[in-house]
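For reference, the structure discussed in these notes is given below.
Only the coordinates and a few stated rules stand behind these numbers; no lab work does. For clarity, every value in this text was computed on a predicted model and none was experimentally measured. Note: ideal-geometry Cβ built from the backbone for every residue, glycine included; neighbour counts use all protein chains shown.
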Amino acid sequence: MLLAAALLSLIPVGCGKNLNIDPPAPVPGGGGGDTPTPDPERPTEPTICSNKVVAHRGGSAECGQPDNSRASLKYAMNLKCYASECDIYWTKDNDVIIAHAKDKFFINGLRPWEHTVLEIRRAGKLTNGEEIPTLTDFLDIVQVKDNCTKLCLDIKNLEGFPDYPSKAVMRACEIIAARHAEKFCEFICTGNETVATAAAACQVKYGIPVGWMSTNEPSKHLAKGFTWANMCALNVEPFATETPKRTIDQYLNAGMKFSVFNVDQKKGDSNAIYSEEGVAYYVSRYKDLRCICTNYPKWLLSKVQ
């Protein structure tokens with residue numbers, strides 16, 4: 001309770017003064033998914049899922065659809081994955097778009113926080129002809145009857161601009177809460193300390209789980225307010241190739257949940273492990289993991305089910 005109170009104290013009126021973030025203004029025309037009352041036709045929680053597999057960017061590498069697209073999200077849903085991972089960015093018109101920025105900052109050649117959704121969409125489409133989706137578009141897809149697949153929203157780091165990822169998580173939470181879709185969503189958060197502070201505070205305020213993508217020891221996660229660690233497989237023993245090197249049991253023994261990214265069928269993702277021995281290890285530890293992310297969800301489901 002003391003920890004929750006401390007975290008809530010980080011959220012002033014307007015949700016962001018301590019982070020040098022102006023209070024968010026409403027999206028013109030009601031964009032961003034704000035509705036005053038829940039839609040009785042729209043479920044507020046997913047059905048029970050029988051697996052822990054998260055489809056990285058919807059499993060785009062496996063299905064051949066653009067990453068962060070509606071088509072790749074639907075692919076993950078058709079597989080009945082536990083979740084579909086997607087990347088979020090705050091826009092100038094106070095909305096949240098789903099995309100993977102090039103060179104860390106650019107979507108259709110534009111920095112999202114300097115442009116509106118409409119401007120970003122006018123600058124280009126996905127390779128399958130889709131428009132860049134918003135968080136509301138993705139909620140429209142997952143928040144349907146009999147769907148078990150959640151959105152795992154990746155709060156991306158923007159080096160040198162921590163206020164904008166902080167705005168992304170805060171605005172995303174407002175959109176999600178207005179839809180009563182808290183149980184359809186989870187966050188994974190960059191290791192950036194400023195952004196993590198905003199995410200931890202929102203976790204308390206909105207009750208949406210957040211996995212911190214930090215290689216810090218469990219004590220640092222817990223002190224920050226996180227009980228879930230989400231870590232790159234390259235930092236996890238016994239197949240770690242990068243430092244610091246951690247173990248799953250380090251976090252489990254501290255009473256935390258642990259998830260890993262990415263466990264893959266083949267080479268292609270620089271953050272993935274794909275050796276036969278490495279895959280076998282994570283399959284053997286599957287029961288101990290909160291979830292496990294992969295670019296090849298259909299393949300991994302065949303391994304763990």
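For the range 63-68, just list the computed ³J(HN,Hα) in residue order, Karplus coefficients 6.51, -1.76 and 1.60, θ = phi - 60°, integers in Hz, with x standing in for Gly and Pro.
8, x, 8, x, 5, 6
What does the extension gain come out to for residue 144 and residue 47, with contour length at 0.36 nm per residue minus their alpha carbon separation? Let's see the in-between values first.
Values: separation 97, 0.36 × 97 = 34.92 nm, distance 0.98 nm.
The span from residue 144 to residue 47 would gain 33.9 nm if fully extended.
Residue 89's amide H: which non-local residues (gap 5+, or another chain) put their own amide H closer than 5 Å, with H modeled 1.01 Å from N in plane and none for Pro or chain starts?
97, 99
Mind listing which trypsin sites (Lys or Arg not before Pro) in the range 223-290 are in a DSSP loop and have 10 or fewer other Cβ atoms within 10 Å? Numbers along the way, then the final one.
On the way: sites: 224, 245, 246, 257, 266, 267, 285, 287, 290; in loops: 245, 266, 267, 285, 290.
The qualifying sites are 267.
Taking loop as defined by DSSP and a crowding limit of 15 other beta carbons within 10 Å, which GluC sites (Glu not before Pro) in the range 201-305 fit?
Sites meeting the loop and neighbour criteria: 242.
Which three extents, in angstrom, do the Cα atoms of the range 124-273 have along their principal axes, listed largest first?
Principal extents (Cα only, largest first): 40, 38, 38 Å.
If amide hydrogens are placed 1.01 Å from N in the peptide plane, which non-local residues have theirs closer than 5 Å to the one on residue 228?
Placed amide hydrogens put 212, 257 under 5 Å from residue 228.
Starting at 0 and stepping by 20 Å, how many percent of the alpha carbon pairs of the chain end up in each bin?
Using 20 Å bins, I get a P(r) of 35, 61, 5 for the chain.
Under the Karplus relation 6.51 cos²θ - 1.76 cosθ + 1.60, θ = phi - 60°, what is the ordered set of whole-Hz ³J(HN,Hα) values for the range 107-118, x standing for Gly and Pro?
10, 6, x, 10, 7, x, 6, 9, 9, 7, 4, 4
How about the range 135-198: which trypsin sites (Lys or Arg not before Pro) there lie in a loop by DSSP and see at most 12 other Cβ atoms within 10 Å?
Answer in residue order: 145.
Charges at C-beta only: +1 for Lys and Arg, -1 for Asp and Glu. How large is the resulting dipole of the chain about its Cα centre, in Debye rounded to 20?
With Lys and Arg at +1 and Asp and Glu at -1, about 360 debye.
Which residue fluctuates the most in the chain, going by a Gaussian network model with Cα springs under 10 Å, if the choices are 215, 241, 190?
241
For the chain, modelled as a Gaussian network with Cα springs under 10 Å, which listed residue fluctuates most, 270, 259, 69?
270
Anything over 18 Å Cα to Cα? Flag those among 145/257; 145/183; 52/220; 150/298, in the order listed.
145/257; 52/220
Under 5 Å between amide H atoms, partner at least 5 residues away or on a different chain: which partners does residue 188 have, H built in plane at 1.01 Å?
So residue 188 has HN proximity to 153, 154, 155, 211.
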